Amino acid sequence: MNHVKTFAAALALAATPVAFAAGSMDSMDMKTPAATRQAPRAVAAEIKKIDARAGKVTLKHGPIENLGMQAMTMAFPVKDPASLKNFKEGESVSAIFDTIEGKPTVIDLRHK
């Protein structure tokens, strides 16, 4: 009977660090700190469609590293919708993207 008590006590002690470590991981914030986030960089793109009324532009773009997006064609809101009047569909541009109000957004659009 003594062996059973000793075994149970040893098992409880052995499991304590594992339970402690698991508990401490649950309380950690696993989000990427802002300091380690990549700064926005210009991305080569082609304008596929301009919707000035909605303030959006559809771009065929390369990878957007700071947003973790692969190359694709997608519609984006534009931070300065009035700037869309300076562009036309089919034009090659350089775009800078960031997240505004939780949405990937074109924050700067320039002619190449």
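The values are calculated or read from the model by the stated rules, or taken from the named source; none is laboratory data. This structure is a prediction, so every number in the text was calculated from the model and none was measured. Heads up, the Cβs are rebuilt from the backbone with ideal geometry, glycines too, and the neighbour counts pull from every protein chain shown.
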Query raised in the report: Only one of (1) hydrophobic (A, V, I, L, M, F, W, C); (2) modelled with pLDDT under 95; (3) part of a loop (DSSP other than H, G, I, E, B) is not met by A35, so which one is it?
Result: (3)
Query raised in the report: Which residue pairs have Cβ atoms under 8 Å apart, sit 6 or more places apart or on different chains, and have a first residue in segment 38-50 that is of a type in the set (G, A, S) and a second that is not in a strand (DSSP E or B)?
Result: A39/N66; A44/G62; A44/K112; A45/G62
**Report entry** Hits in segment 77-112 - residues which are among the aliphatic types (A, V, I, L, M) and either over 12 Å from L59 (Cβ atoms) or surrounded by fewer than 16 Cβ atoms within 10 Å (Cβ to Cβ) (or both)
**Finding:** A82, I100, I107
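Answer with yes or no whether L59 is assigned to a helix (DSSP H, G or I) and touching a strand residue (DSSP E or B) at 6+ places or on another chain (Cβ under 6 Å).
On the way: assigned to a helix (DSSP H, G or I): no; touching a strand residue (DSSP E or B) at 6+ places or on another chain (Cβ under 6 Å): yes.
So L59 does not fit the description; no.
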